[in-house]
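To start, the structure under review is shown below, and the notes come after it.
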Amino acid sequence: MHPNIVRSPEKAVKGQQKIDWVRRNMPILRQLEAEFSRQQPFAGKRLLVCVHLEAKTAYLALVLAAGGARVAVTGSNPDSTKDDVVAALDAHGLHVYARHGATPEEMNRFMNMALDIGPHVVIDDGGDIVELLHGERSDLCADVTGACEETTTGVLRAVARAQAGELNFPVMLINEARCKYLFDNVHGTGQSVWDAVMRSTNLVLAGKTITIIGFGWCGRGCALRASGLGAKVIISEIDAVKAADAAMNGYQVMPLLEACRQSDIVLTVTGVRNTLRRKHFEAMKDGALIANAGHFRHEINVDELQDMAVKKVAARENVEGFKTPAGAWLYLLGDGNIVNIACADGHPAEIMDTSFALQALNARYLVEQGETLAAGVHDVPEAIDQQVALMKLAGMQIEIDTG
């Protein structure tokens with residue numbers, strides 16, 4: 001038992017209550033849990049799950065365990081880990097290594113402890129486990145049948161490694177499946193980001209000017225929901241096709257510095273480090289809110305914001321104010337971490353139901369077919385994407401024509 005892992009019967013009860021709630025609202029995973037329990041597709045296999053460690057992820061881990069897997073679980077972000085959920089998973093007998101607010105050194109240690117299980121299949125979020133398996137834990141690669149990658153950032157890392165000829169096992173690009181990006185990225189991010197902003201600030205979006213940096217699927221979802229809530233939306237993009245697409249969807253498109261001067265809220269959704277830097281902070285007007293909906297905290301250069309500030313205050317829980325030399329107050333949400341995780345509960349359960357169904361089914365696919373797959377990146381089989389969509393419709397009690 002690791003001293004930095006929070007465990008207690010009281011927390012376990014609270015965490016189990018959260019898991020029970022999401023289970024009730026994740027009908028696809030419930031179907032897979034019943035199927036896996038009967039078929040035991042993971043019998044004798046070791047699986048490692050490294051995703052934002054809250055109730056929905058916990059239920060995915062339990063579904064895999066119901067299929068016969070020996071499961072190790074760790075968190076992909078210290079600020080999203082829920083200690084009561086960790087305690088609940090520990091009570092179930094899973095190998096769980098995480099705590100809320102872990103330092104980078106602890107995060108690395110926890111990931112290595114999870115890797116000590118010697119995984120056959122990895123479910124990754126952002127690519128950190130895959131990177132470790134190609135670095136300090138390369139000794140474990142021989143046993144790895146494959147990995148499933150959840151996010152855009154992790155996909156980019158895997159593709160870059162594959163293009164360099166340095167990927168040692170198959171990686172399934174879950175994020176590229178239609179049942180992932182059309183639900184999770186668009187509707188999940190779109191709802192949960194603004195839920196977090198409104199919850200942490202108690203402010204209205206209607207009438208505000210919001211700049212969204214990046215018009216990928218997540219940026220598209222954030223723009224859609226912000227517009228629906230009455231905001232004026234500006235898109236800042238470096239990809240000409242995406243910028244033109246944003247304009248054709250009715251959004252203003254302009255360079256980032258110009259957008260920052262006009263905006264009440266600036267949201268990064270890029271997966272790129274230092275998207276917002278000092279020159280952008282200097283351009284922002286008094287009262288501007290700054291938030292990150294991408295994968296890494298470093299999309300906002302918080303160090304430069306802190307260094308330039310002449311005064312700092314804790315304005316509210318999860319809201320820190322920085323006074324610029326020009327006298328403007330800027331308000332950073334969630335310390336620059338992923339706002340829907342740091343300031344709210346992440347994506348809704350019904351959304352993660354489709355994403356995690358893809359993860360579970362692709363994990364089974366790797367167990368069954370992984371030995372026949374070449375090292376490199378692989379799209380989710382269309383049959384699995386269609387299966388998840390049909391299960392989603394069934395859970396919504398919707399029927400469609402089939403011919």
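The values are calculated or read from the model by the stated rules, or taken from the named source; none is laboratory data. Source: prediction; values computed, not measured. So basically every Cβ, Gly included, is an ideal-geometry build from the backbone, and we count neighbours across all protein chains shown.
From the residues in the stretch 141-170 that are touching a helix residue (DSSP H, G or I) at 6+ places or on another chain (Cβ under 6 Å) and part of a helix (DSSP H, G or I), which one is surrounded by the most Cβ atoms within 10 Å (Cβ to Cβ)? Ranking the candidates gives 152 first.
At positive phi and more than 22 Å from the chain's Cα centre (by Cα), is that true of residue 327? Yes: the conditions hold for residue 327. Answer with yes or no whether residue 398 is part of a loop (DSSP other than H, G, I, E, B) and not aromatic (Phe, Trp, Tyr). The answer is yes for residue 398. Just to be sure before I move on: is residue 12 small (Gly, Ala, Ser), under 28 Å from residue 395 (Cβ atoms) and either surrounded by 16 or more Cβ atoms within 10 Å (Cβ to Cβ) or at pLDDT 95 or above (or both) in the structure I sent? No; evaluated as a whole, the condition is false for this residue.
Has the stretch 342-350 got at least one residue that is of a type in the set (A, V, I, L, M, F, W, C) and not in a helix (DSSP H, G or I)? Yes, there is a match, as at least one residue in the stretch 342-350 is of a type in the set (A, V, I, L, M, F, W, C) and not in a helix (DSSP H, G or I).
Could you tell me whether the stretch 309-332 includes any residue that is of a type outside the set (Phe, Trp, Tyr), in a helix (DSSP H, G or I) and either in contact with a Pro (Cβ under 8 Å, 6 or more places away or on another chain) or surrounded by fewer than 21 Cβ atoms within 10 Å (Cβ to Cβ) (or both)? Checked against the condition, which is being of a type outside the set (Phe, Trp, Tyr), in a helix (DSSP H, G or I) and either in contact with a Pro (Cβ under 8 Å, 6 or more places away or on another chain) or surrounded by fewer than 21 Cβ atoms within 10 Å (Cβ to Cβ) (or both), the stretch 309-332 yields no hits at all. Counting only helices (runs of 4 or more DSSP H) that sit completely within the stretch 1-107, those holding 1 or more residues that are touching a strand residue (DSSP E or B) at 6+ places or on another chain (Cβ under 8 Å) and more than 25 Å from residue 317 (Cα to Cα) correspond to 55-66, 83-91.
Considering the stretch 360-378, the residues that are surrounded by fewer than 21 Cβ atoms within 10 Å (Cβ to Cβ) and of a type in the set (A, V, I, L, M, F, W, C) include one that is nearest to residue 142 (Cα to Cα), namely 375.
For the stretch 227-282, the tally of residues that are of a type in the set (A, V, I, L, M) and either in a loop (DSSP other than H, G, I, E, B) or at pLDDT below 95 (or both) stands at 6. What number of residues in the stretch 25-53 are in contact (Cβ under 8 Å) with a residue 40 or more places away in the chain and of a type outside the set (A, V, I, L, M, F, W, C)? Residues in the stretch 25-53 being in contact (Cβ under 8 Å) with a residue 40 or more places away in the chain and of a type outside the set (A, V, I, L, M, F, W, C): 7 in total.
For (1) among the acidic types (Asp, Glu); (2) surrounded by 18 or more Cβ atoms within 10 Å (Cβ to Cβ), each residue gets a yes or a no:
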{"residue": "75", "(1), (2)": "no, yes"}
{"residue": "80", "(1), (2)": "no, yes"}
{"residue": "91", "(1), (2)": "no, no"}
{"residue": "136", "(1), (2)": "yes, no"}
